[in-house]
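The structure appears below as structure tokens.
Read-outs throughout are calculated quantities, based only on the coordinates presented, and are distinct from any laboratory measurement. This is a predicted model, so every value here is computed, not measured. Reconstructed Cβ throughout: ideal geometry from the backbone, glycine too, with neighbour counts over all protein chains shown.
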Amino acid sequence: MTEAPIMTLDEIEDLAYRTLVAAGTSDANARPLARATAATEAEGIVSHGLAYIPTYCEHVRCGKVDGRAQPVLSRPAPSVVSVDAATGFAHPAIELGFEVLIPTARELGMAALAVRNSYNCGVLGYHTRRLAMEGLLAIGFTNAPASIAPVGGRRPVLGTNPFSLAAPDGAGGVAVLIDQSASVIAKSEIMKHAREGLPIPSEWALDPEGHPTTDPEIALKGSMAPSGGYKGVGVALMVEIMAAAMTGATLGVNASPFSGTKGGPPRTGQFFLALAPDASSGGLFAGRLAALVEELHDQPGVRVPGDGRRAARRRAERRGVAVNPATLEKVNAWL
């Protein structure tokens, strides 16, 4: 078996950037996506790291995403920032929106960013974490192509639809990072198993008839299992309302898949709320949150959401990241 090479985060970012540009992505769009790829690898979320770069490249070439799109920002209300991603990557559209969202939230106490006509935003917590590091409490929503059937039904209507909350620690860091989808597992994990020819746990997904399956290919033709049954469907519905209805983006049931080349741009959406904690807490937010986190950590074995990613990121910064040789081969094939 070939030993996995170790790459630094800078090397991962550079490789992702060069590959995206080679596939036809502009510099302005490739750079933020490459930074996010390196950050994702650092946190151990390999399904959205370098392994996704060939899919991004394929979608640029087939027109599912416009690699040279120029997002357009508008201000429909004093506390609302809107960005039309113009069927391009979500990352540059979100970065453009954050440039206005952050100072607006600080000035007004809270602000919202609505992104429409977008594409897969990768790991949602990557974006909310960036806001928390600016001292803002961040809540994010993103919808996805339909893959979850409502309770009692078999036809997917809602996407895996993640939501994320990132809370600042008052010292330039992040105290809590919640990032979870409405399904038992992210669909990208099933796609990864399908690419590698590996079975999946039976509780991850259902076949087209609504029965549990361990075959990832069958699962991709059926539906994702919602986390917590009807509660997971409720979360998916909430996110759909926030990320699609509130932004004017395409509903997941009408969006083209994030995998394969079928269909045109998915035109999905993202919605972010940024809140200045001291504006509502009278300056008590940081202390209250620190006390809460301390109570959680006081019990042996308890991990606060975000602890695992933080530890992985620190290891990656010191030691680099072991990258799957097969993944590197697929990425390098685009150069």
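For V293, what charge total do you get from the other residues with a beta carbon under 14 Å from its beta carbon, if Lys and Arg give +1 and Asp and Glu give -1? With Lys, Arg at +1 and Asp, Glu at -1, the neighbours total -2.
Here is the P(r) of segment 83-210: all C-alpha pair distances, binned every 5 Å from 0, give 2, 10, 16, 19, 17, 13, 10, 7, 4, 1, 0 in whole percents.
Counting charges near V100 (Lys, Arg +1; Asp, Glu -1) among other residues having Cβ under 15 Å from its Cβ returns a value of -2.
The simple spin-label model puts a point 7 Å past each Cα toward its Cβ; for C62 and H211 those points are separated by 3.0 nm. Past the 15 angstrom mark, what percentage of all C-alpha to C-alpha distances in segment 184-225 do you count? Every Cα pair in segment 184-225 considered, those over 15 Å come to 21 percent. Working note: Karplus 6.51/-1.76/1.60 with θ = phi - 60° gives segment 244-260 the couplings 10, 5, 6, 9, x, 7, 6, 5, x, 5, 10, 8, 6, x, 7, 10, x Hz, where Gly and Pro are set to x. The amide H of L158, built 1.01 Å from its N in the peptide plane, has S147, I148 as neighbours under 5 Å, considering only residues 5 or more places off or on other chains. For segment 226-335, the pair-distance distribution built from all alpha carbon pairs, in bins 10 Å wide starting at 0, is 10, 17, 28, 32, 11, 1 percent.
Phi angles across segment 5-20 convert, under the Karplus curve 6.51 cos²θ - 1.76 cosθ + 1.60 with θ = phi - 60°, into 3J(HN,Hα) values of x, 9, 10, 6, 5, 5, 5, 5, 4, 5, 5, 4, 4, 4, 5, 4 Hz, Gly and Pro given as x. Kirkwood-type hydrodynamic radius, segment 85-160: 13.9 Å, calculated from all non-identical alpha-carbon pairs. For segment 122-138, 3J(HN,Hα) computed residue by residue from phi via the Karplus equation (6.51, -1.76, 1.60; θ = phi - 60°) reads x, 7, 4, x, 4, 6, 5, 4, 4, 5, 5, 5, 8, x, 10, 6, 10 Hz, glycine and proline entered as x. Once you've got the Cα coordinates, tell me which of K262/K330; K192/K231; K221/K262; K64/K262; K64/K192 are over 18 Å apart. As for pairs spanning more than 18 Å Cα to Cα, those are K262/K330; K192/K231; K64/K192. Note on K187: aspartates and glutamates with a C-alpha under 17 Å away, same-chain residues under 8 apart excluded, are D179, E196, E203, D207, D215, E217, E240. Per-residue ellipticity at 222 nm computed for the chain from its helices equals -12000 deg cm²/dmol, with DSSP H segments shorter than 4 residues left out and the rest contributing -39,500 (n - 2.57). Determine the shape class of the chain: with a ≥ b ≥ c the square roots of the Cα gyration tensor eigenvalues, call it rounded for a/c under 1.5, and otherwise prolate if a/b is greater than b/c, oblate otherwise. Rounded, since a/c falls under 1.5. Other residues within the sphere of radius under 13 Å centred on the Cβ of I148, judged by their own Cβ, net out at +3 (K and R +1, D and E -1).
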